[in-house]
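**Q** One structure is given below, represented as structure tokens, and several questions about it will come after.
The values are calculated or read from the model by the stated rules, or taken from the named source; none is laboratory data. Just so we're clear, the structure is a prediction, and the values are computed from it rather than from any experiment. When we count neighbours, we look across all protein chains shown, and the Cβ atoms used for this are built from the backbone with ideal geometry, even at glycine.
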Amino acid sequence: MAAVRGNLRDSARKGGLGSGEARMKGSRAYQKYFEGYEEMALPKKNGKGTRIVRVYRGDYYLEDVPDSAWRGGKVLYALCYVLSFTAFLAAALPARPGNMTWYAVIPQAVAVLAYFWLLTVVCSRIVSDRRMTISKYKRAVLPLPYACEAVLLMLGLALLMQVLHAAVSAAAGTAAGAGETVLTWLLYAAAAGLIAVIFRREKATEYRREKA
């Protein structure tokens, strides 16, 4: 990156930039992805036409923790997500009476969507560099607490529906085995607790900004 900037400065001194900074081309999504970058028009090596070089000039965002804690956070997020989703599937997939009612299926289905959203954010966070660009910060950091809250809300509703079904079944004299019911509740609670670990760590994490 430093070499690219040096070449750009040299070209500017020699008058090689022509019109100088070029406008960012492409769709709005493309421009958002390259937020903080500048497009510079440089002459091609053969002297025919120009080529576009993108140089990042925005701020970088870093977790204000040691490198070991930064790497450990990635492992923690991945592990908590996998274990949480596994616990959720173990609670929601078996053909138990509590999983067969419409009011139990709806929060379960929405929870799957929330988990998918969280997966995209966690994966973006895991593959991110130590110094994140503006675009990466907005994709991998800012949405993470909200995605966690969405999953936690759906898991809470799913657990509430299980408790409601158990109460209705008990009143009707058709309650399932107590052990099976309690196991389902514990699995939902474990799934929520693991996501809460991600949420609490992220909320407690400070980020600092550095100039490019």
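**Q** Output the qualifying pairs, or none if there are none: Cβ atoms under 7 angstrom, residues six or more apart or on different chains, first residue in segment 140-159 and under 17 Å from residue 80 (Cα atoms), second residue of a type in the set (S, T, N, Q).
**A** Hits for this filter: 140/124; 140/128.
**Q** Right, here's the next one. Can you confirm whether segment 147-154 contains a residue that is modelled with pLDDT under 95, hydrophobic (A, V, I, L, M, F, W, C) and on the phi < 0 side of the Ramachandran plot? Show your work before the answer.
**A** To start, the set of residues in segment 147-154 that are modelled with pLDDT under 95 comprises none.
There is no residue in segment 147-154 that is modelled with pLDDT under 95, hydrophobic (A, V, I, L, M, F, W, C) and on the phi < 0 side of the Ramachandran plot.
To keep it simple, each residue is scored yes or no on (1) outside the structural domain of residue 196 (by TED's automatic domain parsing); (2) assigned to a strand (DSSP E or B).
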{"position": "45", "(1), (2)": "yes, no"}
{"position": "48", "(1), (2)": "yes, no"}
{"position": "53", "(1), (2)": "yes, yes"}
{"position": "68", "(1), (2)": "no, no"}
{"position": "73", "(1), (2)": "no, no"}
{"position": "76", "(1), (2)": "no, no"}
{"position": "79", "(1), (2)": "no, no"}
{"position": "83", "(1), (2)": "no, no"}
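**Q** Another question, then. Go through segment 37-49 and give me each residue that's buried (at least 17 other Cβ atoms within 10 Å of the Cβ) and either at pLDDT below 75 or among the aliphatic types (A, V, I, L, M) (or both).
**A** Hits for segment 37-49 are 40, 41, 42.
**Q** Provide a single number: the residues in segment 57-66 that are under 16 Å from the mean Cα position of the chain (by Cα) and part of a loop (DSSP other than H, G, I, E, B).
**A** Within segment 57-66, residues that are under 16 Å from the mean Cα position of the chain (by Cα) and part of a loop (DSSP other than H, G, I, E, B) number 0.
**Q** Scan (1) surrounded by 14 or more Cβ atoms within 10 Å (Cβ to Cβ); (2) not in a loop (DSSP other than H, G, I, E, B) for the single condition residue 128 breaks and write down its number.
**A** With respect to (1) surrounded by 14 or more Cβ atoms within 10 Å (Cβ to Cβ); (2) not in a loop (DSSP other than H, G, I, E, B), residue 128 is out only on (2).
**Q** Using the structure shown, decide if residue 79 is touching a residue at least 12 places away in the same chain (Cβ under 8 Å) and of a type outside the set (S, T, N, Q). Break it down stepwise before answering.
**A** Details: touching a residue at least 12 places away in the same chain (Cβ under 8 Å): no; of a type outside the set (S, T, N, Q): yes.
No.
**Q** Against the definition (out of contact with any Lys or Arg (no Cβ under 7 Å at 6 or more places or on another chain) and modelled with pLDDT of 80 or more), how does residue 4 come out, yes or no?
**A** Working: out of contact with any Lys or Arg (no Cβ under 7 Å at 6 or more places or on another chain): yes; modelled with pLDDT of 80 or more: no.
So residue 4 does not fit the description; no.
**Q** Then there's this: When you scan segment 131-146, how many residues do you find that are surrounded by fewer than 19 Cβ atoms within 10 Å (Cβ to Cβ), of a type in the set (D, E, K, R) and out of contact with any Leu (no Cβ under 6 Å at 6 or more places or on another chain)?
**A** Of the residues in segment 131-146, 1 are surrounded by fewer than 19 Cβ atoms within 10 Å (Cβ to Cβ), of a type in the set (D, E, K, R) and out of contact with any Leu (no Cβ under 6 Å at 6 or more places or on another chain).
**Q** Here's another thing I want to ask about it. If residue 193 satisfies every condition in (1) over 16 Å from residue 90 (Cα atoms); (2) in a helix (DSSP H, G or I); (3) among the small types (Gly, Ala, Ser) but one, which is the exception?
**A** Checking residue 193 against (1) over 16 Å from residue 90 (Cα atoms); (2) in a helix (DSSP H, G or I); (3) among the small types (Gly, Ala, Ser), the one that fails is (1).
**Q** Criterion first (part of a helix (DSSP H, G or I), at pLDDT below 90 and of a type outside the set (D, E, K, R)) does residue 120 satisfy it? Don't jump to the end; show me each part of the working.
**A** Numbers: part of a helix (DSSP H, G or I): yes; at pLDDT below 90: no; of a type outside the set (D, E, K, R): yes.
It is false that residue 120 is part of a helix (DSSP H, G or I), at pLDDT below 90 and of a type outside the set (D, E, K, R).
**Q** Taking residue 166 and the conditions (1) among the small types (Gly, Ala, Ser); (2) surrounded by fewer than 16 Cβ atoms within 10 Å (Cβ to Cβ); (3) at pLDDT below 90, which numbered condition does it fall short on, given that it satisfies the others?
**A** (2)
**Q** Continuing with this model, one more query. So, in segment 55-70, exactly how many residues are within 17 Å of residue 206 (Cβ to Cβ) and not acidic (Asp, Glu)?
**A** Filtering segment 55-70 down to residues within 17 Å of residue 206 (Cβ to Cβ) leaves 59-70.
If we keep only those that are not acidic (Asp, Glu) as well, we get 60-62, 65-66, 68-70.
Residues that pass the stated criteria total 8.
**Q** Let me ask another. Could you list all residues from segment 100-116 that are in contact (Cβ under 8 Å) with a residue 40 or more places away in the chain and over 25 Å from the mean Cα position of the chain (by Cα)?
**A** Of everything in segment 100-116, those that are in contact (Cβ under 8 Å) with a residue 40 or more places away in the chain and over 25 Å from the mean Cα position of the chain (by Cα) turn out to be 101, 103, 104.
**Q** Could you tell me whether segment 85-96 includes any residue that is modelled with pLDDT of 80 or more, part of a loop (DSSP other than H, G, I, E, B), surrounded by 11 or more Cβ atoms within 10 Å (Cβ to Cβ) and of a type in the set (Ser, Thr, Tyr)?
**A** no
**Q** Also: Which of (1) under 30 Å from residue 163 (Cα atoms); (2) loosely packed, with under 15 Cβ neighbours inside 10 Å; (3) at pLDDT 95 or above is the odd one out, the single condition residue 114 does not satisfy?
**A** Here residue 114 meets the rest and fails (2).
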